[in-house]
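The values are calculated or read from the model by the stated rules, or taken from the named source; none is laboratory data. Model, not experiment: these values are computed from the prediction. Positions of Cβ are generated from backbone atoms using ideal geometry, with glycine treated the same way; all protein chains shown enter the neighbour counts. For the accessible areas, the whole protein counts, side chains as well, though only heavy atoms, and no ligand, DNA or RNA atoms are used. Shrake-Rupley method; radii C 1.70, N 1.55, O 1.52, S 1.80 Å.
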Amino acid sequence: MATSIDAIRTALAAPTLEEGQEFSILAGIAALKATDGDSRIVQDLVIRALDRSEDFEPEMPLLMALARGLGLFPYVENIAPDLLPLADQIALEMNRPDNLDGVVFHRVQTEVYRKLMAGENVILSAPTSFGKTVILDALIASGKYNNLVIIVPTIALIDELRRRLARFTDFKLITHPGQTYGDRNLFVLTQERYLAIEDMPTPDFFFVDEFYKLDDHNGRETLVNDRSELLNRAMYRLRKTGAQFYLAAPMIQSLSELLPAELRASLIVTNFSTVAADTIPVTAETEEDERREIRRILSEVDGPTLIFCRSPNRVRMVAKWLQEDAPEGGYGEGMPNTAKWLEDNISARWSLPRNLRLGIGVHHGRLPRWLGPLVIKAFDAEDIGVLVCTNSLIEGVNTRAKNIIILDKTIGNAGYNYFTFANIRGRGGRMLKHFIGRIFMFNPPPVEVLPSIDIPGLSQSDGASDSLLLSIDEEDRSERTRARLREVIEQPILSVETMQKNAGVSPAEQIELAKHLATVNPRLLGEILWTKPYPTYKELLAVVSLVWDYIPPRGRTNHLATTAKQLAYLVKNLSDVNGDVRAFLATVTERAEGDDAYDSKVEDAYNFLRFWIDHNLPARIRALDSIAKEILPPRGIRPGNYEAFAARMEAGFQAPLLLTAEEFGIPSQVTKKLLRRIPRADTLDALIWGLRSLDLSKIPELTQYERDLLDYALSSD
């Protein structure tokens, strides 16, 4: 009988088992289980045995008994449901959620589900493979709730959830402000969109995915991420509704002692994993070594492979290696139709289409918004064999791979911690498909320390910025918070109401801007007193300079523009071409020499669009607008009005809703072709309804690829 852990693991890794070894292996695991209980090691060994279940056919009842004893019910149902005795079949049924066909929970999922169904709040910390969001599906299916708010960190996850939750036809799916409500609603939103809705029905349940993002200190004293501050505001507002809640995230250690006791009491931390993992160290001293090792690994493994890199630049470098070292036939069927569309409509010089043809996918925050989900879909279908990514995929997309290559030990220039490392590593393996993930590590793992998570918007700790504290209702503020805010509240320059309205903008910075507007020579204000949607360059520069100098977003120089003049120039250029991305790219790349420089500029352009145009600059211009409207009239100066221009910018200087349609996976170039056929598409609901009502086969200006793209985007599969 194989009795030691190493002996069992070695036997299970062998290409073939010796005669009689099958029973010996299972007996050894059973003996370990008897002495170690339901330890992670025993669970790991059982999953490895399940991975080669065809070798254990005569011993299947014993293997199923081990899986059942550990609570791995999904494996039991999928591998050998006919072998279960009646009592165990009943046990299996006990782990099926109500009204959700085809789903069997594992043991810990059932425990969490039952707590939630009993009306308790749950904050769950569990490995990536746990199946946290399936529990959410089961809660929706239960019929217990009428209005559920689901907060996710990325728009990509909104689209993913929209597709999955469309089967709950009793609910109206709301993914964007401005949509009308139904009798029962599923609000699937980012924190920004949730805060933008003012007349939402009172929710009876809310879910926050990746709740660790509430505590984004990055080693500093206060929140350094504007989105984290907004997530705290959303959490505070949701909790004030009194709704039941469920928060989920990968592995953390604990919740801050500064948080209310009842909140801490709702925390469940589990390491229950549904897949096993092999960790393989890789040695590489130079970039040439790294390239050689990646080539070797890819030649030896099968199944989809994900390569983690520190930055988009590094992704570009590795994708170029893969392109040059590609085997005959590439790494998969690839995405040839998508590649051709990108060449025809974005750029034929960009290397991305060539990558997609070879089955190489890339994922980072500098791609067209509609493209990312398509690449993930192709990777999940294994048309894309290798996906090279940054943390944008790790933190904001649900996908998993059989093999993970962790090439770098940093995100940007900062070393990542064990929590992030575990999150990357946890993407290896997929329950019932890739039972054993293979993790290739080019660097040693960080020291194993998991974080304790604060929620500054609830604890009012030192981690909360003044802006966040100011958003807390006066009656909820602690004495310490009141003391911290006293100077901000009692200053005579700018009202608290205006500062509260400008969410995410530092009160101190707002006050400095207000002081400037209150004292500057009126003759110097002439060029900011405009109200039109199409300002001149000088007018735009005057406004952008105030934003840049007084109320800039964090990281203002990391997104193509490094001065206010550059920012104003780029914004004016995009406005002048009515948001035509191809024309804008031509401007940004006109001086790029060499293919790598060209690719870099294309990515810079998309980075600019995401950071400045989608949100930050419209929001900051609106903040300037509100401050000027309070400060200038008492001086006898009629302020400008930037709302029309900010609204144009937020729409990417295109027709309204074209950018919104990109979230559904429809490029704006495609929607633009159809707008004249949908004359009343003035809301998202009307646009989607209008698109669904078209007979796409009879629209000659569409290519077949564009018809396929629309069919997929408008479907719920």
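Would you call THR279 more than 19 Å from the chain's Cα centre (by Cα), within 27 Å of GLY415 (Cα to Cα), open to solvent by 30 Å² or more (accessible area, probe 1.4 Å) and in contact (Cβ under 8 Å) with a residue 12 or more places away in the chain? Yes: the conditions hold for THR279. Restricting attention to segment 283-300, the residues that are over 19 Å from MET317 (Cα atoms) and of a type in the set (A, V, I, L, M) add up to 0. Inspect all residues belonging to segment 453-470 and state whether any of them is at pLDDT below 95, surrounded by fewer than 20 Cβ atoms within 10 Å (Cβ to Cβ) and within 24 Å of GLY131 (Cα to Cα). No, the conditions are met nowhere in segment 453-470. When ASP101 is tested against (1) part of a helix (DSSP H, G or I); (2) over 27 Å from ALA249 (Cβ atoms), just one condition goes unmet, and that condition is (1). Considering segment 616-646, the residues that are in contact (Cβ under 8 Å) with a residue 40 or more places away in the chain, surrounded by fewer than 17 Cβ atoms within 10 Å (Cβ to Cβ) and under 24 Å from LEU574 (Cβ atoms) include one that is farthest from the chain's Cα centre (by Cα), namely ASN641. Listed by position, the strands (runs of 3 or more DSSP E) contained in segment 164-236 that have at least 2 residues being within 17 Å of the chain's Cα centre (by Cα) are 185-189, 205-209.
Applying the condition of being in a strand (DSSP E or B) and out of contact with any Asp or Glu (no Cβ under 6 Å at 6 or more places or on another chain) to segment 441-463 and asking which residue is nearest to GLU257 (Cα to Cα) yields SER452.
Yes or no: GLU257 closer than 30 Å to LEU12 by Cβ and of a type in the set (Asp, Glu)?
In short, no.
Within segment 380-407, residues that are over 25 Å from LEU214 (Cβ atoms) and among the basic types (Lys, Arg) sit with their Cβ atoms under 6 Å from residues that are assigned to a loop (DSSP other than H, G, I, E, B) and open to solvent by less than 10 Å² (accessible area, probe 1.4 Å), at 6+ positions apart or across chains, in these pairs: LYS402/PRO304.
Here's the yes/no breakdown for (1) in contact with a strand residue (DSSP E or B) (Cβ under 6 Å, 6 or more places away or on another chain); (2) farther than 30 Å from GLU288 by Cβ; (3) surrounded by fewer than 18 Cβ atoms within 10 Å (Cβ to Cβ):
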residue: ASP408; (1), (2), (3): no, no, no
residue: GLY412; (1), (2), (3): no, no, yes
residue: TYR418; (1), (2), (3): no, no, yes
residue: ILE424; (1), (2), (3): yes, no, no
residue: HIS434; (1), (2), (3): no, yes, no
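Within segment 670-688, track down each residue that is touching a residue at least 40 places away in the same chain (Cβ under 8 Å), touching a helix residue (DSSP H, G or I) at 6+ places or on another chain (Cβ under 8 Å) and within 11 Å of HIS176 (Cβ to Cβ). Scanning segment 670-688 gives a single hit, LEU684.
Contact map, segment 695-716: first residue over 14 Å from PRO667 (Cβ atoms) and in a loop (DSSP other than H, G, I, E, B), second residue open to solvent by 80 Å² or more (accessible area, probe 1.4 Å) and not hydrophobic (A, V, I, L, M, F, W, C), Cβ cut-off under 7 Å, separation 6 or more or different chains; pairs are SER716/ARG167. Flag set for ARG264, criterion: modelled with pLDDT of 95 or more, in contact with a Leu (Cβ under 7 Å, 6 or more places away or on another chain) and of a type in the set (D, E, K, R). Here segment 250-261 is the region considered, the condition is being among the hydrophobic types (A, V, I, L, M, F, W, C) and either open to solvent by 20 Å² or more (accessible area, probe 1.4 Å) or at pLDDT 95 or above (or both), and the residue that is nearest to the chain's Cα centre (by Cα) is MET251.
Checking the conditions here, which among GLU77, GLU18, GLU54 is free of Cβ contacts under 8 Å to residues at least 24 places away in the same chain, charged (D, E, K, R) and outside any loop (DSSP other than H, G, I, E, B)? Answer to the check: GLU54. Scanning segment 245-270 for residues that are among the aliphatic types (A, V, I, L, M) and either touching a residue at least 60 places away in the same chain (Cβ under 8 Å) or part of a strand (DSSP E or B) (or both) yields LEU247, ALA248, ALA249, MET251, ILE252, LEU255, LEU258, LEU259, LEU263, LEU267, ILE268, VAL269.
Within segment 658-669, residues that are at negative phi and touching a residue at least 12 places away in the same chain (Cβ under 8 Å) reach partners that are assigned to a loop (DSSP other than H, G, I, E, B) and open to solvent by less than 10 Å² (accessible area, probe 1.4 Å) with beta carbons closer than 6 Å, at six or more positions or on different chains, in the pairs LEU659/GLY652; GLU662/TRP370; PRO667/TRP370.
Just checking, does segment 91-99 include any residue being touching a strand residue (DSSP E or B) at 6+ places or on another chain (Cβ under 6 Å), surrounded by fewer than 18 Cβ atoms within 10 Å (Cβ to Cβ) and either without any contact (Cβ under 8 Å) to a residue 40 or more places away in the chain or over 22 Å from LEU45 (Cβ atoms) (or both)? Checked segment 91-99: no residue is touching a strand residue (DSSP E or B) at 6+ places or on another chain (Cβ under 6 Å), surrounded by fewer than 18 Cβ atoms within 10 Å (Cβ to Cβ) and either without any contact (Cβ under 8 Å) to a residue 40 or more places away in the chain or over 22 Å from LEU45 (Cβ atoms) (or both). Here ARG438 meets the list (1) under 29 Å from LYS377 (Cβ atoms); (2) part of a loop (DSSP other than H, G, I, E, B); (3) open to solvent by 50 Å² or more (accessible area, probe 1.4 Å) almost entirely, failing just condition (2). Residues in segment 8-20 that are small (Gly, Ala, Ser) and modelled with pLDDT of 90 or more: ALA11, ALA13, ALA14.
Within segment 282-306, if we keep just the residues that are exposed (fewer than 14 other Cβ atoms within 10 Å of the Cβ) and polar (S, T, N, Q), the residue that is nearest to GLN323 (Cα to Cα) turns out to be SER299. Of the residues ASP302, ASP344, the single one that is in a loop (DSSP other than H, G, I, E, B) and more than 26 Å from the chain's Cα centre (by Cα) is ASP302.
Consider ALA647 carefully, then state whether it is of a type in the set (Gly, Ala, Ser), more than 14 Å from TRP370 (Cβ to Cβ) and not in a loop (DSSP other than H, G, I, E, B). Break it down stepwise before answering.
On the way: of a type in the set (Gly, Ala, Ser): yes; more than 14 Å from TRP370 (Cβ to Cβ): yes; not in a loop (DSSP other than H, G, I, E, B): yes.
Yes, satisfied.
A count restricted to segment 471-503 and to residues that are open to solvent by 30 Å² or more (accessible area, probe 1.4 Å), part of a helix (DSSP H, G or I) and within 19 Å of ARG620 (Cβ to Cβ) stands at 3.
Would you be able to say whether some residue in segment 75-87 is open to solvent by less than 70 Å² (accessible area, probe 1.4 Å), modelled with pLDDT of 90 or more and in contact with a Lys or Arg (Cβ under 8 Å, 6 or more places away or on another chain)? No, the conditions are met nowhere in segment 75-87.
Of all residues in segment 606-615, those satisfying the criterion of being open to solvent by 20 Å² or more (accessible area, probe 1.4 Å), without any contact (Cβ under 8 Å) to a residue 60 or more places away in the chain and not charged (D, E, K, R) are LEU609, PHE611. Return a yes/no flag: does segment 551-564 have any residue that is of a type outside the set (S, T, N, Q), assigned to a helix (DSSP H, G or I) and modelled with pLDDT under 95. Looking for residues that are of a type outside the set (S, T, N, Q), assigned to a helix (DSSP H, G or I) and modelled with pLDDT under 95, one finds at least one in segment 551-564, hence yes.
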